[in-house]
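The values are calculated or read from the model by the stated rules, or taken from the named source; none is laboratory data. Just so we're clear, the structure is a prediction, and the values are computed from it rather than from any experiment. Note that each Cβ is placed from the backbone with ideal geometry, even for glycine, and that neighbours are counted across all protein chains shown.
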Amino acid sequence: MKLVCDIYKSPREDEMYLYVKKADGLSQVPEALLEKFGKPGHVMTLILQPGKKLARVEAERVIEQLEEKGYYLQMPPLKDAEMSEIQLKNTKMQL
């Protein structure tokens, strides 16, 4: 099964993406989610099919959510506490 989807990026949260069926656009996304997401910026159109490699999620999972809910929300990766400390130290060193 192939599914054409559009991917949108959130202007409010780095690395947060919203996948929707191209045919439906954003019509299936709850208004409350869109308010928190911010004005969606179109990133790309993609043909999804089982087995397709995606960066952080199995294509099958995205397809399943698009069929069930009409959208898939990809959240930013959790920040590693140790890496956050290192980044903070590096930021202080640059002052």
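Please list, ordered by first then second residue, the pairs with beta carbon atoms under 7 Å, 6 or more apart or interchain, first in the stretch 10-24 and without any contact (Cβ under 8 Å) to a residue 40 or more places away in the chain and exposed (fewer than 13 other Cβ atoms within 10 Å of the Cβ), second in a loop (DSSP other than H, G, I, E, B) and not aromatic (Phe, Trp, Tyr).
Listed by first residue and then by second, the contacts come to 11/38; 11/39; 12/38.
Quick grid of which residues meet (1) under 12 Å from residue 16 (Cα atoms); (2) touching a residue at least 12 places away in the same chain (Cβ under 8 Å):
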| residue | (1), (2) |
| --- | --- |
| 36 | yes, yes |
| 52 | no, no |
| 59 | no, no |
| 64 | no, no |
| 70 | no, yes |
| 73 | yes, yes |
| 77 | yes, yes |
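Would you call residue 66 assigned to a strand (DSSP E or B), surrounded by 16 or more Cβ atoms within 10 Å (Cβ to Cβ) and either of a type in the set (A, V, I, L, M) or modelled with pLDDT under 95 (or both)? So that I can check it myself, show each step before the final result.
Working: assigned to a strand (DSSP E or B): no; surrounded by 16 or more Cβ atoms within 10 Å (Cβ to Cβ): yes; either of a type in the set (A, V, I, L, M) or modelled with pLDDT under 95 (or both): yes.
Here the answer is no, as residue 66 does not meet what is asked.
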